[in-house]
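Colleague: Just dropping this structure here.
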């Protein structure tokens, strides 16, 4: 490991998918972050002014409507802080939650506390337990990294669905590339065709209550309904630690113990599945982000990434029991070679062919730039 080439500006090493380095040893992902900061004016007066104009646009379009935006909530730091800020900005949001039935009790309570205190209505889609678990079990048996892909896609679908139902043109997302980092290209991919194909091959339940988003539904909401996705934290200064302090001081909000630990399946994905099955440690994303933002030294981050991953005792046993996976099957899957989204049907080639169209959509805030980069870039692997 000590002989691996590591970015001189963060902690991404040469095992990171699609990575390359410039003459100064700086990786392409750090350069990508610099480009995003310049384009969106992140944390600067430029970013603040751009976002103020977006706020006025949202308020204008939402005039005389019950809601002027929708926002996804998980009980985590980012989405909870967004609820706090949205009310401060004078918006009238509808909160949207996709319950994959694996939420922690703390996350569920955080959602209730924030919405009650801020007097925000909630739209929830609860999937059938057995159906959700069939999809998760299918992804486990498929041996791909994206164990929790169905949750991410379902939340996107439910957000679009709620926006369409209430005539809302803006979806607010709490993502920050400054604190979350940039996910490697050609990695952790998901779409509706991918989820459907995995479930058909390895699952034991037909999709009925799961909100599967097809390509055509996506295009309807983006091209016809023109529902925009807005990420305020791409424009504004943001500190996750400061956000947590504000939430704890102003609400009875509680921290859930770690990044992505507000959901037990997500905790298993990050703490067990990816490091054990795929040999990927996603702590590098957040630690690398902290190095870039100067909130942690590079030396400390390199030390931190070498520490064992801490996770809830009994998490593996809970995962096996919940999904009815025997000890023998668990060990067999863990030890077998990992697979990729490239081994199963997806919309990836279609997205690549439509790259020029998605460029126009990203420039119009109809899809995030991260979607444009990741989904429409030619897959070289």
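The values are calculated or read from the model by the stated rules, or taken from the named source; none is laboratory data. Quantities reported herein were computed from a predicted structural model and do not represent experimental measurements. A quick note on method: Cβ atoms are made from the backbone with ideal geometry, for glycine too, and the neighbour counts reach across all protein chains shown.
Colleague: Please verify whether residue 291 is outside any loop (DSSP other than H, G, I, E, B), surrounded by 12 or more Cβ atoms within 10 Å (Cβ to Cβ), within 25 Å of the chain's Cα centre (by Cα) and without any contact (Cβ under 8 Å) to a residue 60 or more places away in the chain, treating the condition exactly as stated.
Modeller: So residue 291 does not fit the description; no.
Colleague: In addition: With the structure loaded, tell me whether residue 381 is loosely packed, with under 12 Cβ neighbours inside 10 Å, farther than 26 Å from residue 101 by Cβ, over 21 Å from the mean Cα position of the chain (by Cα) and modelled with pLDDT of 95 or more or whether it fails that test.
Modeller: no
Colleague: In the stretch 159-196, which residues are closer than 21 Å to residue 76 by Cα and in a helix (DSSP H, G or I)?
Modeller: Scanning the stretch 159-196 gives 159, 160, 162, 177, 178, 179, 180.
Colleague: To continue, here is another question. Output the residues belonging to the stretch 321-375 that are within 26 Å of residue 159 (Cβ to Cβ), without any contact (Cβ under 8 Å) to a residue 24 or more places away in the chain and in contact with a helix residue (DSSP H, G or I) (Cβ under 6 Å, 6 or more places away or on another chain).
Modeller: 355, 358, 362, 372
Colleague: If I ask for residues that are buried (at least 22 other Cβ atoms within 10 Å of the Cβ) and at pLDDT below 80, which ones from the stretch 175-184 would you list?
Modeller: 182
Colleague: Consider the stretch 197-222. How many of its residues are closer than 25 Å to residue 367 by Cα, part of a helix (DSSP H, G or I) and touching a residue at least 60 places away in the same chain (Cβ under 8 Å)? Full working, then the answer.
Modeller: Quick first cut of the stretch 197-222, residues closer than 25 Å to residue 367 by Cα only: 197, 210-222.
Still in the running and part of a helix (DSSP H, G or I): 197, 215-222.
Add one more test, that the residue is touching a residue at least 60 places away in the same chain (Cβ under 8 Å), and what stays is 197, 215, 217, 221-222.
Of the residues in that region, 5 qualify.
Colleague: Next question, about the same structure. Restricting to the stretch 84-123, name every residue that is modelled with pLDDT of 95 or more, in contact with a strand residue (DSSP E or B) (Cβ under 7 Å, 6 or more places away or on another chain) and assigned to a helix (DSSP H, G or I).
Modeller: 86, 111, 115
Colleague: If we keep just the residues of the stretch 42-79 that are under 22 Å from the mean Cα position of the chain (by Cα) and assigned to a loop (DSSP other than H, G, I, E, B), which is nearest to residue 365 (Cα to Cα)?
Modeller: 42
Colleague: Shifting gears a bit: Exactly one of (1) in contact (Cβ under 8 Å) with a residue 40 or more places away in the chain; (2) part of a helix (DSSP H, G or I); (3) touching a helix residue (DSSP H, G or I) at 6+ places or on another chain (Cβ under 6 Å) is unmet by residue 318. Its number?
Modeller: (3)
Colleague: Then there is this: Would you be able to say whether some residue in the stretch 270-281 is in a loop (DSSP other than H, G, I, E, B) and under 17 Å from the mean Cα position of the chain (by Cα)?
Modeller: yes
Colleague: Return the total of residues in the stretch 13-24 being surrounded by 12 or more Cβ atoms within 10 Å (Cβ to Cβ) and modelled with pLDDT of 95 or more.
Modeller: Step one: list which residues in the stretch 13-24 are surrounded by 12 or more Cβ atoms within 10 Å (Cβ to Cβ), which gives 13-19, 21-22.
Restricting the remaining residues to those that are modelled with pLDDT of 95 or more gives 21-22.
Adding up the residues that qualify gives 2.
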